[in-house]
């Protein structure tokens with residue numbers, strides 16, 4: 001992998017952080033028709049187009065101006081998930097870690113979000129792409145002037161859930177770039193995991209990994225808890241039915257509901273996730289499965305259990 005010199009994008013102040021990744025930067029969802037997808041995502045979340053070119057649109061929160069999601073006119077499912085490196089030095093270190101692990105990485109600055117300085121793209125065991133992006137982390141929030149509309153919220157990135165036939169293999173892969181286990185359920189034989197929640201920062205998880213055929217189950221965005229209930233009211237105005245929810249998850253202790261876009265891609269909309277700390281020790285999920293899914297009781301429909309991309 002060729003080395004690229006990067007300008008300094010951080011301040012000279014001491015930064016009290018742990019772990020090489022700051023968290024989820026943005027996620028790219030594949031859609032077969034951008035002209036159909038864009039109005040749906042904009043009406044639901046009030047997102048605005050930050051940049052658009054060649055069958056791709058980067059969508060930002062109208063409140064902060066920060067890109068949280070992009071749409072790629074290349075089919076259905078997940079194209080890539082992007083995590084932000086904390087510093088240029090960390091970015092270089094992660095590139096070296098990938099090289100040492102025999103994981104091929106490509107520089108993909110031309111296809112990542114606006115404002116990025118550099119980006120490395122690798123393929124996960126599930127076949128999806130994971131990106132490490134280098135970008136300024138302290139740019140001030142800048143509301144998008146003239147773009148406020150019904151449903152405009154401070155939308156942020158949260159996490160995603162992947163399904164795979166080998167949870168341990170994906171867990172080990174993510175460990176190369178700094179992910180740690182938060183909560184897990186071991187397989188009965190003790191040689192792997194049925195469920196694994198992993199994090200790169202102080203929040204409970206940025207990737208949830210469950211056993212199943214390879215694919216992306218959902219991409220999650222978050223708003224504050226008060227805004228979460230406003231978002232549900234917004235669904236009644238738009239007459240868009242949720243697939244499941246509202247619920248309260250045990251892992252992450254967050255409010256949540258699930259909705260499918262016009263092409264079947266599943267979004268999870270949540271309130272803010274629980275902070276556990278970067279040094280939180282891994283723990284076995286000790287409650288009954290229904291309680292983890294929804295502490296209020298009602299469980300997901302069959303579509304949630306059997307359908308994903």
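The values are calculated or read from the model by the stated rules, or taken from the named source; none is laboratory data. If you're wondering where the values come from, they're calculated on a predicted model, not measured in any experiment. Cβ sites come from the backbone with ideal geometry, for glycine too, and all protein chains shown count toward neighbours.
For (1) buried (at least 22 other Cβ atoms within 10 Å of the Cβ); (2) without any contact (Cβ under 8 Å) to a residue 24 or more places away in the chain; (3) over 30 Å from residue 31 (Cα atoms); (4) not assigned by TED's automatic domain parsing to the domain that holds residue 69, each residue gets a yes or a no:
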residue	(1), (2), (3), (4)
196	yes, no, no, yes
205	yes, no, no, yes
220	yes, no, no, yes
233	no, yes, no, yes
237	no, no, no, yes
280	no, no, yes, yes
291	no, no, yes, yes
297	no, yes, yes, yes
All-but-one check, residue 52 against (1) outside any helix (DSSP H, G or I); (2) in contact with a strand residue (DSSP E or B) (Cβ under 9 Å, 6 or more places away or on another chain); (3) surrounded by fewer than 18 Cβ atoms within 10 Å (Cβ to Cβ); (4) in contact (Cβ under 8 Å) with a residue 40 or more places away in the chain, failing number (4)
Just give me the residues in segment 236-248 being under 22 Å from the mean Cα position of the chain (by Cα) and over 20 Å from residue 274 (Cα atoms), in sequence order.
242, 243, 244
Among the residues of segment 239-247, is there at least one that is over 21 Å from residue 30 (Cα atoms) and not in a strand (DSSP E or B)?
yes
Subset of segment 94-113 that is part of a helix (DSSP H, G or I) and modelled with pLDDT of 95 or more - its residue that is farthest from the chain's Cα centre (by Cα):
100
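Here is a yes/no grid of residues against (1) modelled with pLDDT under 90; (2) surrounded by 15 or more Cβ atoms within 10 Å (Cβ to Cβ); (3) over 17 Å from residue 24 (Cα atoms):
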residue	(1), (2), (3)
147	yes, yes, yes
153	yes, yes, yes
160	no, yes, no
188	yes, no, yes
Quick one: would you say residue 116 is part of a loop (DSSP other than H, G, I, E, B) and either surrounded by 17 or more Cβ atoms within 10 Å (Cβ to Cβ) or in the same structural domain as residue 260 (by TED's automatic domain parsing) (or both)?
yes
Do you know which of the residues in segment 128-140 that are modelled with pLDDT of 95 or more and more than 19 Å from residue 90 (Cα to Cα) is surrounded by the most Cβ atoms within 10 Å (Cβ to Cβ)?
128
